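The values are calculated or read from the model by the stated rules, or taken from the named source; none is laboratory data. Just so we're clear, the structure is a prediction, and the values are computed from it rather than from any experiment. Methodologically, a virtual Cβ is constructed for each residue, glycine included, from the backbone with ideal geometry; neighbour enumeration extends over all protein chains shown. To get the accessible areas, we keep the full protein, side chains included, count just its heavy atoms, and leave off ligands, DNA and RNA. Shrake-Rupley method; radii C 1.70, N 1.55, O 1.52, S 1.80 Å.
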Amino acid sequence: KLSERLTAVASFVESGAVLADIGSDHAYLPCYLIRTGIISKAIAGEVVKGPFESAKKNVKKEGLENNIIVRLGNGLQAVEENDGVDTITIAGMGGPLIASILQEGNAKLGKVKRIITQPNIHSSSIREWAVQNGWTIIEEEILKEDGKIYEIIVLERGKAEYDELEMKFGPYLLEDKSPIFVEKWERELAEWKRILDSLEKAGDTDEIQRRKEQLRKKIELAGRV
Ligand code: SAM
């Protein structure tokens, strides 16, 4: 059974999409989307040999070799021009890594209409990449599974402007302020305050000053939510 997290990611893939799932690991997400008939063609990209082999094994086990091409490659290098990919999923990595994969693969995004990301941390990197590269956020989701909180950000082409709070917390998530959203940021806020507290006792180098300033800024931002 697919995790709640990946099921939520899958829910943003449109019927009939040609998908590239980057960092696919076991290829659970493309296998699920094909099994359920939502799509019929996908690329599963992996940069590490071990997960690449598990993806291949799993696709074979499910008898989906005609539907899913598993490729070893760094980021969007796994995508080829005539694959006809129009949708990309990148899940289960940090926001900065996801943003760098999109940045390095920018030239491969020509025919892509939708990018679905699920950053584990620092989701603001993805919002920043989007704004700078002509993408807009069409939907966001936040969910909790096994005590961990996950965000999903869905992008399509368009121009958007977000203020500081929206960039940090997510324009839609901020508007909803769901209980899980509140829990996430209360946790983070407590952590920032804890670190700031220990830095207050840690002497006064320029580096510590700089870290404290950053934390105060984040705490102030969270206070405005
Ligand atoms: N996407 C799956 C999920 O959400 O459950 C797997 C997440 S797993 C934590 C991250 C995977 O991304 C790993 O298998 C890793 O090898 C792969 N990965 C990391 N950087 C990558 C890159 N630049 N290109 C392709 N795959 C990458």
Within the range 95-132, work out how many residues are near the ligand (Cβ under 10 Å from one of its atoms) and surrounded by 15 or more Cβ atoms within 10 Å (Cβ to Cβ).
7
Being open to solvent by 50 Å² or more (accessible area, probe 1.4 Å) and assigned by TED's automatic domain parsing to the domain that holds I208 is the requirement here; does E156 meet it?
no
Going by the conditions given, is V85 out of contact with any Gly (no Cβ under 7 Å at 6 or more places or on another chain), among the aliphatic types (A, V, I, L, M) and open to solvent by 50 Å² or more (accessible area, probe 1.4 Å)?
no
Is one or more of the residues making up the range 187-197 β-branched (V, I, T) and farther than 20 Å from P96 by Cα?
yes
All positions within the range 190-221 that are open to solvent by 40 Å² or more (accessible area, probe 1.4 Å) and touching a residue at least 24 places away in the same chain (Cβ under 8 Å):
K193, K218
